[in-house]
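Trainee: This is the structure, below, for whatever I ask next.
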Amino acid sequence: MKKNILIAVFTFFLALIILAGGFLLGINFSQAKDYLVDFINPASSAAKQDAASASSGNSGSQAIKSIEQTIKYILANAITRKTEKELADAAIEAMLASLEDRYADYFPAEEYSRIIESYSGTMSGIGVVVTADEEGQILIINVIESTPAFEKGLVEGDIIAAVDGTEIKDMALDQVVALIKGPEGTDVIITVFRPSDNKRIDFTITRRRFYVPNFYATVIEDSILYIQYVDFQESGAKKLEEKLKAIIASNGPGAVKGIIIDLRNNLGGTLDDAVQFCDLFLDSGIIVSVRGRSNNADKYEEFKAGRGGYTDLPLAVIINGYSASAAELAAGALKDLGRAVLIGEKSFGKGTVQILNELPDGSGIKYTTARYYLPSGITIDGTGIKPDIEIVLTPEDTEDTQFNRAVEEIKNMINK
């Protein structure tokens with residue numbers, strides 16, 4: 001398959017803005033409901049926490065009163081004037097900083113609302129996938145075809161330098177995402193640094209609404225089914241299963257002899273979907289285990305495979321350095337259980353679970369609540385997954401060597 005065709009495949013169904021490292025992983029536990037309660041019903045969670053504080057004695061309530069009193073003293077007497085909201089925000093940010101959790105963040109109400117909205121399949125935005133690179137720069141890793149960003153000329157590899165004139169250096173990725181998003185029909189000025197031209201370029205882009213599917217599936221040469229899974233979202237695997245049944249029904253028995261799953265640039269998503277995705281290709285084994293805390297109790301959950309419908313077909317999975325979180329979970333589980341050969345580059349290395357809490361004023365916080373473990377019992381947090389066949393794809397390559405090797409491996413497995 002020619003490179004230009006593959007590029008179209010890789011960009012067509014990419015999400016508008018996906019937060020780095022699988023921001024949603026851990027929010028949607030169908031089997032571990034306690035992990036869900038804070039996201040679905042913050043008031044209920046707050047009540048539980050208040051009850052827990054009361055049962056643990058008076059020290060907790062005294063500590064809260066000390067914080068409240070500190071705010072009152074500063075408001076009344078400090079020579080540096082601050083509003084109550086500014087002081088409360090500072091207190092929350094300090095508490096999150098004390099966790100020494102690199103994924104912990106505080107979002108003002110408007111930013112939090114935009115972040116939550118960005119998880120729907122239909123969204124208003126410009127049409128780019130971004131992540132933070134090793135230097136903390138906000139890098140565009142994909143531009144969706146036929147979106148405002150694509151039409152204006154943003155390209156993969158552009159580094160976002162400013163949004164509406166606000167320099168975003170040292171700004172959290174989630175905050176940059178919130179700045180870029182906005183109501184349909186409004187303009188946003190994106191300033192990028194383009195390394196190939198060695199200059200900054202301003203783009204005025206009008207946001208608009210569009211639907212973003214999370215996968216692409218088609219039969220390519222020699223009865224090989226190619227699946228590009230963009231991100232793990234609610235009911236994504238169920239929709240994929242329906243698509244696979246339709247493909248097989250329309251092409252007849254024997255139409256699919258092997259499968260290539262492309263998880264490159266997949267930055268994560270929900271745990272439930274990652275488990276259900278793996279379950280399509282497995283018939284036994286523990287897919288993932290999760291250890292963490294919720295509502296003042298330690299939690300441990302195992303997610304086991306059922307009887308999948310595509311367990312006998314040879315399977316290859318392609319990953320790269322932007323395969324993160326739920327994508328790493330899926331790739332690692334399929335590798336550990338001997339189900340797939342992994343091809344490409346070492347993955348990102350995020351094996352932790354975050355949760356979102358909405359606060360009474362509409363603002364929100366994110367922090368780590370758990371760590372997940374692959375079937376082998378290891379965590380890939382900070383290390384990533386090393387592929388069985390390592391192939392580095394460079395900008396100078398005129399062919400997608402990772403994809404080509406996956407096709408070669410599947411053909412070999414089919415012909416055995």
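Trainee: Does any residue of the stretch 231-245 turn out to be in contact with a Ser or Thr (Cβ under 7 Å, 6 or more places away or on another chain), surrounded by fewer than 16 Cβ atoms within 10 Å (Cβ to Cβ) and assigned to a strand (DSSP E or B)?
Mentor: Looking through the stretch 231-245, none of the residues is in contact with a Ser or Thr (Cβ under 7 Å, 6 or more places away or on another chain), surrounded by fewer than 16 Cβ atoms within 10 Å (Cβ to Cβ) and assigned to a strand (DSSP E or B).
Trainee: Moving on. For the stretch 366-393, give me each residue that is at pLDDT below 95, buried (at least 19 other Cβ atoms within 10 Å of the Cβ) and among the aliphatic types (A, V, I, L, M).
Mentor: Residues satisfying the conditions are ALA370, ILE380.
Trainee: Could we say that ASP273 is among the acidic types (Asp, Glu), outside any strand (DSSP E or B) and either in contact with a strand residue (DSSP E or B) (Cβ under 8 Å, 6 or more places away or on another chain) or outside the structural domain of ALA340 (by TED's automatic domain parsing) (or both) here?
Mentor: Considered against the rule, which asks whether it is among the acidic types (Asp, Glu), outside any strand (DSSP E or B) and either in contact with a strand residue (DSSP E or B) (Cβ under 8 Å, 6 or more places away or on another chain) or outside the structural domain of ALA340 (by TED's automatic domain parsing) (or both), ASP273 comes out as yes.
Trainee: Further, regarding this structure: Tell me whether the stretch 102-117 contains one or more residues that are farther than 16 Å from MET171 by Cα and in a loop (DSSP other than H, G, I, E, B).
Mentor: No: zero hits.
Trainee: Working only within the stretch 343-369, note down all residues that are within 25 Å of ASP89 (Cα to Cα) and among the small types (Gly, Ala, Ser).
Mentor: GLY362, SER363, GLY364 - these are the residues of the stretch 343-369 that are within 25 Å of ASP89 (Cα to Cα) and among the small types (Gly, Ala, Ser).
Trainee: Now, a different point. Which pairs have Cβ atoms under 6 Å, sit 6 or more apart or on different chains, and link a residue in the stretch 162-191 that is basic (Lys, Arg) to one that is in a helix (DSSP H, G or I) and crowded, with 20+ Cβ neighbours inside 10 Å?
Mentor: LYS181/ARG114
Trainee: Being at pLDDT below 95 and surrounded by fewer than 23 Cβ atoms within 10 Å (Cβ to Cβ) is true for just one of SER294, SER325. Which residue is that?
Mentor: SER294 is the lone residue from the list that is at pLDDT below 95 and surrounded by fewer than 23 Cβ atoms within 10 Å (Cβ to Cβ).
Trainee: Could you tell me whether the stretch 199-210 includes any residue that is touching a Ser or Thr at 6+ places or on another chain (Cβ under 7 Å), farther than 30 Å from GLU135 by Cβ and modelled with pLDDT under 90?
Mentor: Taking every residue of the stretch 199-210 in turn, at least one turns out to be touching a Ser or Thr at 6+ places or on another chain (Cβ under 7 Å), farther than 30 Å from GLU135 by Cβ and modelled with pLDDT under 90.
Trainee: May I pose another question? In the stretch 368-400, which residues are over 13 Å from GLY349 (Cβ atoms) and of a type in the set (Gly, Ala, Ser)?
Mentor: Residues satisfying the conditions are ALA370, SER376, GLY377.
Trainee: Which residues, counting only those in the stretch 157-178, are assigned to a strand (DSSP E or B), of a type in the set (A, V, I, L, M, F, W, C) and more than 8 Å from THR191 (Cα to Cα)?
Mentor: ILE159
Conditions tested, residue by residue: (1) touching a helix residue (DSSP H, G or I) at 6+ places or on another chain (Cβ under 7 Å); (2) within 30 Å of ALA172 (Cα to Cα); (3) not assigned by TED's automatic domain parsing to the domain that holds ASP273.
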| position | (1), (2), (3) |
| --- | --- |
| GLY308 | yes, no, no |
| ILE319 | yes, yes, no |
| SER323 | yes, yes, no |
| LEU359 | no, yes, no |
| GLU396 | no, no, no |
| THR401 | no, no, no |
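The values are calculated or read from the model by the stated rules, or taken from the named source; none is laboratory data. Everything numeric here is computed off the predicted structure, so don't read it as measured data. Neighbour counts run over all protein chains shown; Cβ positions are idealised from the backbone, glycine included.
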